[in-house]
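What follows is a single structure, written as structure tokens, with notes after it.
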Amino acid sequence: MRQQTVLITGASDGIGLALARSYAASGARVFGVGRRSALDVEPGLRGGYCRVDLAQPFAAAVVSEFLRRRAVQALDLLIHCAGVGAYGPIVAQAPGTIDALLDTNLRAPIALTHALLPALARASGRVVFIGSVAAALPVPDYAVYGATKAALEGFARSLRVELRGRVGVQVIHPGATRTGMHAKSGAPLERVGWSHFPRPERVARRIVRAIAGGVPVVTIGLGNRLLRLSGRHLRGVADRFAVARQARMPGAPRAFSPPPATCSRRHCVVTGGADGIGRAVAERFARAGFAVTIVDRDAERAARLCQALRGAGGVAGWIHVDLAQAGAVAVTLRHLAALPPADVVVHSAGISAVGRFAEGAIARQAVVLDVNLRAPVQLTAGMLCGGLVAPGATLVFIASLSVFTGYPGAAVYAASKDGLAAYARSLRAALAPQGVHVLTVYPGPTRTAHARRYSPDNRRERRRMPPERLAELLAGAVERREPELVPGPANRLIAAVGRLAPALTEALMHRAILDRLPQTGVLAGQTLERQP
């Protein structure tokens, strides 16, 4: 029988170390990845230990080279166990902390999976993502952490469809475990009951059994399964409980008072407002008497739109930034600080990268995460921290119907939208006691240039919802302070089917999108590629 080859990230501590010990004891050839010095890790791993900080953009290249030098051509198991957390209100988390969470928990496993897929394919192996029950729940004190885990699950769901028959994809959700991550995250150990959490060795044993069982999604422990089920299928109950719990927290702020009656115009900020859904939203709020600020990289389109809005009696301006670029959020915040606080913020900016994950450039996939997830999270945190949000404001996050259906052929886009929806849900619970409202919108196919650009089939474009109609529904949901909006009866039906019969919607998405994409057979390569 061939010796099993296993690579485990986060192998120097906690669950990752316990997994490494378990697989080594079973006779597998185990390689570990971690940040600690090799002298500080398990002696049995020292010959097969790669020291690298997974938050760094070059980490996947380092791990690939490490395996190449050890002549590892086939990999049976890639277990993504590395993770960091951050506890506390979003306004208390520095931009660097948010980046560390997004990079370590999400970007790194996506990039490393991309780099090692050829090795996994040669062994007909499996990639395993260690998720969290927090992915299915509103977690106000772990909002960004929960978002990264939800994004990881969304990515895995779509990738599983793409790789079926070649590489297995599994997500395993443990509950809270007695590891050092909680103390490092700043969580109050006594309040969260850390001493009662199961030890990592016990959790690792159950994870090993779950991996051997091969079920695509596994939650460890009966209590955790009940939590996950309630979070997914009793969303209203779970959300109300999270809001009530947040209001009882020591030092919870009181609700903001309504905006002063002397305000002549309310202020609406729209990212990606120069075109598509964002443009329709900007026009709709301008007609309602809002002063509109557009944040967009297309200065020419933004200028023309602002001129048109002013010509119609509106008040509009724009901030010219590319949210894919480092420093763009800081520039945006400086401009917004000179304007009145925002009564409505609509995070509409978004891009995609359609194509089979294994065959796309990972740098392009990373930009999708930056624009669709990193930018709105960082911008929201900066606006809240800087007092740039008006009392009683509404924050609107444009997610996607893919949260309910998956998106094989755009797995990273799906990840970004799952993460954004989870972040909005946690933020809603966190801000409700202060009177700030959060709305999540899940558009289906919309008649925009964005949809036309990324769709493999535009023959039925006229059936897509006009962006003006979507903007009208969104504005109504803002006025009614609704928590979520799935616009249109057809989209609501699809979302319901996706919740109750996910395999059916995945099959439909496979036929509608993945089957129409070309396949080059990149997984048939014979050597580990050096990463650029």
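The values are calculated or read from the model by the stated rules, or taken from the named source; none is laboratory data. Owing to the predicted nature of the structure, the values given are computational and were not obtained by experimental measurement. Ideal geometry is used to build each Cβ from the backbone, glycine not excepted, and the neighbour counts take in all protein chains shown.
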Cβ pairs under 8 Å, 6+ apart, first in segment 294-308 and within 19 Å of L336 (Cβ to Cβ) and in the same structural domain as L339 (by TED's automatic domain parsing), second of a type in the set (S, T, N, Q) and surrounded by 17 or more Cβ atoms within 10 Å (Cβ to Cβ) | V295/T271; V295/T332; D296/T271
Restricting to segment 170-205, what's the tally of residues that are modelled with pLDDT of 90 or more, assigned to a helix (DSSP H, G or I) and among the small types (G, A, S)?
-> 1
Might you let me know whether segment 11-33 holds any residue that is part of a loop (DSSP other than H, G, I, E, B), surrounded by fewer than 16 Cβ atoms within 10 Å (Cβ to Cβ) and of a type in the set (A, V, I, L, M)?
-> no
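So, in segment 152-169, how many residues would count as being aliphatic (A, V, I, L, M), part of a helix (DSSP H, G or I) and more than 17 Å from the chain's Cα centre (by Cα)? So that I can check it myself, show each step before the final result.
Filtering segment 152-169 down to residues aliphatic (A, V, I, L, M) leaves 152, 156, 159, 161, 163, 167, 169.
Narrowing the set further to residues that are part of a helix (DSSP H, G or I) leaves 152, 156, 159, 161, 163.
Next, only the ones that are more than 17 Å from the chain's Cα centre (by Cα) stay: 161, 163.
Of the residues in that region, 2 qualify.
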Could you list all residues from segment 139-169 that are closer than 20 Å to L101 by Cα and small (G, A, S)?
-> A143, G146, A147, A150, A151, G154, A156
Within segment 126-151, can you find the residues that are more than 15 Å from the chain's Cα centre (by Cα) and over 24 Å from P200 (Cβ atoms)?
-> P140
Tell me, please, whether a residue that is within 21 Å of R297 (Cα to Cα), under 15 Å from the mean Cα position of the chain (by Cα) and either at pLDDT below 95 or not assigned by TED's automatic domain parsing to the domain that holds A59 (or both) can be found in segment 330-337.
-> no
Cβ-Cβ below 6 Å, separation at least six or inter-chain, first residue in segment 484-508 and of a type in the set (S, T, Y), second part of a helix (DSSP H, G or I) and buried (at least 19 other Cβ atoms within 10 Å of the Cβ): which pairs?
-> T505/T405; T505/G498
Cross-chain or 6+ apart pairs with Cβ under 6 Å, segment 1-18 first and small (G, A, S), then in a loop (DSSP other than H, G, I, E, B) = G10/C81; G10/A82; S12/R36; S12/V41; G14/T179; G16/G10; G16/C81
Number of positions in segment 72-119 that are in contact (Cβ under 8 Å) with a residue 24 or more places away in the chain, closer than 30 Å to H182 by Cα and assigned to a loop (DSSP other than H, G, I, E, B) | 10
Has segment 141-159 got at least one residue that is in contact with a helix residue (DSSP H, G or I) (Cβ under 6 Å, 6 or more places away or on another chain), more than 30 Å from L234 (Cβ to Cβ) and not charged (D, E, K, R)?
-> no
Just wondering, is there one or more residues in segment 487-509 that are within 20 Å of the chain's Cα centre (by Cα), closer than 18 Å to G350 by Cβ, in the same structural domain as V346 (by TED's automatic domain parsing) and at pLDDT 95 or above?
-> no
Under 17 Å from M181 (Cβ atoms), without any contact (Cβ under 8 Å) to a residue 60 or more places away in the chain and surrounded by fewer than 16 Cβ atoms within 10 Å (Cβ to Cβ), is that true of R69?
-> no
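Which members of segment 85-102 meet the condition of being of a type in the set (A, V, I, L, M, F, W, C) and modelled with pLDDT of 95 or more?
Within segment 85-102, the subset of a type in the set (A, V, I, L, M, F, W, C) is 86, 90-92, 94, 98, 100-102.
The answer is I98, A100, L101, L102.
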From (1) farther than 21 Å from P408 by Cα; (2) out of contact with any helix residue (DSSP H, G or I) (no Cβ under 7 Å at 6 or more places or on another chain); (3) in contact (Cβ under 8 Å) with a residue 60 or more places away in the chain, pick out the condition that doesn't hold for V344.
-> (2)
Among the strands (runs of 3 or more DSSP E) contained in segment 336-449, which hold 3 or more residues that are not hydrophobic (A, V, I, L, M, F, W, C)?
-> 389-398
Among the residues of segment 170-193, is there at least one that is more than 25 Å from T97 (Cβ to Cβ) and more than 20 Å from the chain's Cα centre (by Cα)?
-> no
